[in-house]
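The values are calculated or read from the model by the stated rules, or taken from the named source; none is laboratory data. The model shown is predicted, which means the values in this text are computed figures rather than measured ones. Using ideal geometry, Cβ is built from the backbone for each residue, glycine included, and neighbour counts are taken over all protein chains shown. Ligands, DNA and RNA are stripped out before the accessible areas are found, and what is left, the full protein with its side chains, is counted by its heavy atoms. Shrake-Rupley method; radii C 1.70, N 1.55, O 1.52, S 1.80 Å.
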Amino acid sequence: MSLSAFEPLSPKAAGHQVRKRFGQNFLHDQQIIERIVNAVAPQTGEHIVEIGPGLGALTVPLLRRTEHLTVLELDRDLADRLPARTGFTGHLTIVQGDALRFDFKTLQQQSTPLRVVGNLPYNISTPLLFHLLQFGDLIEDMHFMLQKEVVDRITAAPNTPDYGRLSVMLQYHCVPTFLFAVPPGAFNPPPKVTSAVFRLVPHRQKPVQAKDQARFARIVSHVFTQRRKTLRNSLKNQVDMEKITALGIDPMARPENLTIEQFVMLSDCLI
Ligand code: SAM
């Protein structure tokens with residue numbers, strides 16, 4: 001069966017009661033589904049992991065192009081009906097559970113890196129991305145759909161209003177690429193906001209590496225909780241301003257003006 005012959009089911013037609021608390025907005029636009037699967041471009045020998053397969057809108061087309069798919073679904077009803085929905089072919093592994101607590105190391109077989117895909121539950125997007133960053137060494141790339149507003153923040157450059165903690169932390173670990181926007185009408189039920197598909201590729205070798213990653217994460221979080229304050233004000237009890245100046249960083253700068261490299265220098269000089 002060709003990809004275009006696949007008709008995603010509406011929750012009503014599938015007899016599924018939508019659970020808002022699980023962020024359930026099911027994709028039904030075939031062109032969007034095809035664009036996502038084409039962006040992933042699964043190849044022979046890869047191990048694809050889908051987070052939140054739902055009613056299988058992405059799962060079925062992915063299964064047609066890959067030999068090895070693992071899905072993680074929190075909703076027991078959806079996980080139970082997936083084999084029948086996908087016409088189970090033997091290479092689909094269904095894990096019923098919470099992706100936020102899932103140890104992705106358990107999926108690593110030999111040295112095959114994981115390719116992670118998902119139209120993610122928007123209500124847990126940030127904690128889920130931070131959870132996945134811990135497994136960056138095992139992951140080749142990730143293709144996700146989230147609220148466009150969040151994707152804009154992830155991909156933002158310094159000196160722009162969207163640049164913040166999410167941009168710095170994600171770009172420290174990965175290269176993010178905005179792929180395309182998706183209107184609410186592509187989903188059933190439609191979300192209130194526009195969505196976007198993006199790619200994250202974990203750095204094999206980080207361009208800049210903090211001496212203490214936990215401290216780096218803390219400092220980034222601290223300065224962005226007071227994003228209108230200058231560094232001189234938000235860090236006055238933590239670091240000597242002369243030290244900051246000696247690094248070539250203006251103490252009158254605001255966090256949105258700093259590059260990732262400068263955040264790393266700042267964090268290293270606090271040690
Ligand atoms: N992939 C389907 C699609 O595109 O139509 C469903 C996407 S829907 C936005 C999000 C899916 O993630 C739902 O199936 C939901 O039950 C599941 N989900 C929600 N929270 C989850 C979690 N913590 N771990 C795994 N799956 C979760």
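The figures follow:
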{"item": "Identity of the residue in region 24-42, touching a residue at least 40 places away in the same chain (Cβ under 8 Å) and of a type in the set (D, E, K, R), that ends up most open to solvent (accessible area, probe 1.4 Å)", "result": "Arg35"}
{"item": "Residue identified as open to solvent by 40 Å² or more (accessible area, probe 1.4 Å) and within 30 Å of Arg21 (Cβ to Cβ) among Phe178, Phe198, Phe187", "result": "Phe178"}
{"item": "Subset of region 60-84 [under 22 Å from Lys20 (Cβ atoms), more than 7 Å from the ligand (Cβ to nearest atom) and crowded, with 19+ Cβ neighbours inside 10 Å]", "result": "Val71, Leu82"}
{"item": "Residue ID - farthest from the chain's Cα centre (by Cα), chosen from residues in region 61-109 that are of a type in the set (Ser, Thr, Tyr) and part of a strand (DSSP E or B)", "result": "Thr93"}
{"item": "Odd one out for Ser167 among (1) part of a loop (DSSP other than H, G, I, E, B); (2) buried (at least 17 other Cβ atoms within 10 Å of the Cβ); (3) of a type in the set (Ser, Thr, Tyr)", "result": "(1)"}
{"item": "Qualifying helices (runs of 4 or more DSSP H) (wholly inside region 193-271; at least 3 residues being closer than 20 Å to Tyr163 by Cα and under 23 Å from the mean Cα position of the chain (by Cα))", "result": "213-225, 260-269"}
{"item": "Answer from Gly15, Gly45, Gly56 - the residue that is surrounded by 15 or more Cβ atoms within 10 Å (Cβ to Cβ), small (Gly, Ala, Ser) and either more than 18 Å from the chain's Cα centre (by Cα) or more than 27 Å from Phe130 (Cβ to Cβ) (or both)", "result": "Gly56"}
{"item": "Close pairs (6 angstrom Cβ cut-off, 6 or more residues apart or separate chains): open to solvent by less than 40 Å² (accessible area, probe 1.4 Å) in region 257-271, of a type in the set (Gly, Ala, Ser) anywhere", "result": "Val264/Ala210; Ser267/Ala210"}
{"item": "Residue count for region 9-45, restricted to those that are closer than 21 Å to Val116 by Cα and either of a type outside the set (Asp, Glu) or near the ligand (Cβ under 9 Å from one of its atoms) (or both)", "result": "22"}
{"item": "Flag for Pro127 being touching an Asp or Glu at 6+ places or on another chain (Cβ under 9 Å), outside any strand (DSSP E or B) and open to solvent by 60 Å² or more (accessible area, probe 1.4 Å)", "result": "no"}
{"item": "Pairs with Cβ under 6 Å, 6+ apart, first in region 193-208 and charged (D, E, K, R), second assigned to a loop (DSSP other than H, G, I, E, B)", "result": "none"}
